[in-house]
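Report on the following structure.
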Amino acid sequence: MPIRWYGPSLVLLATVITVMLFGPGLARNIVWSHQEAQITQVRQSLLADPNLASLSDSFTQVSEAVEPSVVHIQTFGVTARSGGIFSRFDPPQPTGSGSGWVYQHTPSDGADATNYILTNHHVVDGADRISVRFANGSEHTATLINSDPPTDVAVLEIDDAFLHAAAISPEPIRKGEIVFAFGSPLRFDFSVSQGIVSATGRQLDIINPGKYENFIQTDAAINPGNSGGPLTDIYGRVVGMNTAIASTRPNTVQDQGGFIGLGFAIPVEMVVEVATRIIEDGEVRRGYLGVYIDNLSPEMAATFGFDGTDGVLVEHATGDGPADRGGLRTGDIITHIEGQPVASVEALRYTVAGYDPGHDLRVTVARDAESRSFTVELGELPKTVTRRRQLPAFGFTPRSIYQDETLRALGIERLADFTLDDSRAAGYAPLAGVMVLEVRNNSIAQIQNQVQKQMLITHLGSQRVETFEALRKALRGTDPWQPLRLTLATWDTAAGEFVTRYALLQIQRD
């Protein structure tokens, strides 16, 4: 009888069963061991890399160098809690908080340097008492020397001679540089965040009226409470003062929003300039030119025969103001101040504000395709900014109502003659023109140029128009596809004069 041997089959079967039962675990163990070895290798490589340790140490050193000059600010106000005649004795209650930093001012006369605390105007505005606390726990009551709302800068003083002043960067920060934001975000005292400069020269229209804005934009985390704290470079030198954030949430007392990657700081050059004026003069006095101005678009520049857009258009020179007395007039394009080019409204306003009242300012303008220079003695910028106003209703009854197809296509539906007698009857300075009675909603005139009813059309291009007939005659032969430049006048009650501006109306091609 033959003998059969099943040994190899049994071994194979046992192997298959073993793999089926234990194979996944063995495979995972092999994969895990391989990954663990890789992780260990990477960790060892990181620990052996001197560049990483140096980078981390550098960040730590920046914090160590800056933190002693940073302060947490708490403001207090009197709140009547009990009512009655004793409410005035209630202690001041906390009303807000923010940040600040120590700034050392060296007088121009060679006197000894003195330390101050700088912060934002909006941090201390309206406070009855201001407390500043340093990272070492020391706390002081601060005195507000003064603040400057147009730039949102405030200067405080405390009674302590042993302060560590922050270092100031000698050059402007550039886009892409690494920066650190210090302060007390959301009351988390003496925090630091790191990022880069995302942009410079940002105009946000958040400081009104009479704003002077030139913000540094950064993605370093800035939150409510960081306001007034320093923004520094990689050497721990202050390059700006944290001021604002962009937030997708409503900005209310209860919910001020939070960081979404956009923070803004005032450049330190502006902060120091304003602080110096406050410290040395007690306040900021700014030169005043007395003009309403606007930036130039290529289309608007072309209507004046001006090549390019590097200039600022004078829409109105206030009556008997510095510019008016100095010879400037509506339609001038300011190209240079003291020989330096000015290419935007913001640049012009900031440049003029940098001179003291009474300074004889050399202004170069383009007028009638020629360059002319004038000397204007600057006035002092008013503390409150007068805004141009629409003509108030006064019961004007037009004798006749007119329409023009060219203007109707642009959205100006109805017009009427406004005579010198009409102007005098309304109590205005004498001015004749063509009154706009109706502007079509969502039209070119309304959306592009904010043309409103009861505005006066005084010029079409360079032609003076006092009646509808004169306006219609000026419109004859114009190309409806080419821009029409209108000069519009509105009555400014506060100034007691008509204020003019330009509107450029053009039909949009498909």
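Quick notes
- D_trans [Stokes-Einstein, Kirkwood Rh over alpha-carbon pairs] for region 392-510, 10 °C, 1.306 mPa s, µm² s⁻¹: 110
- Residues whose amide H falls under 5 Å from that of residue 439, counting only those 5 or more places apart or on a different chain, are 413, 453, with hydrogens built in the peptide plane.
- Scalar couplings 3J(HN,Hα) for region 419-426, obtained by applying the Karplus form with A = 6.51, B = -1.76, C = 1.60 to θ = phi - 60°, are 8, 4, 5, 4, 5, 5, 5, 7 Hz; x denotes Gly and Pro.
- Euclidean distance of C-alpha centroids, region 161-203 and region 39-54, integer Å: 29
- In this view, the solvent-accessible surface of residue 444, computed with a 1.4 Å probe and all protein chains in place, comes to about 30 Å².
- Only aspartates and glutamates eight or more places from residue 453 in sequence, or on another chain, were considered; those with a Cα closer than 14 Å are 413, 417, 438.
- In terms of accessible area, using a 1.4 Å probe and ignoring ligands and nucleic acids, 101, 481, 491, 32 rank largest first as 32, 481, 491, 101.
- Share of pairwise Cα separations in region 416-460, more than 17 Å, in percent: 37
- Computed over region 264-411, the range of Cα coordinates on each principal axis works out to 62, 40, 37 Å, biggest value leading.
The values are calculated or read from the model by the stated rules, or taken from the named source; none is laboratory data. Fair warning: this is a prediction, and the values are worked out from it, not measured in the lab. We work out accessible area using only protein heavy atoms, side chains counted, and drop any ligands, DNA or RNA first. Shrake-Rupley method; radii C 1.70, N 1.55, O 1.52, S 1.80 Å.
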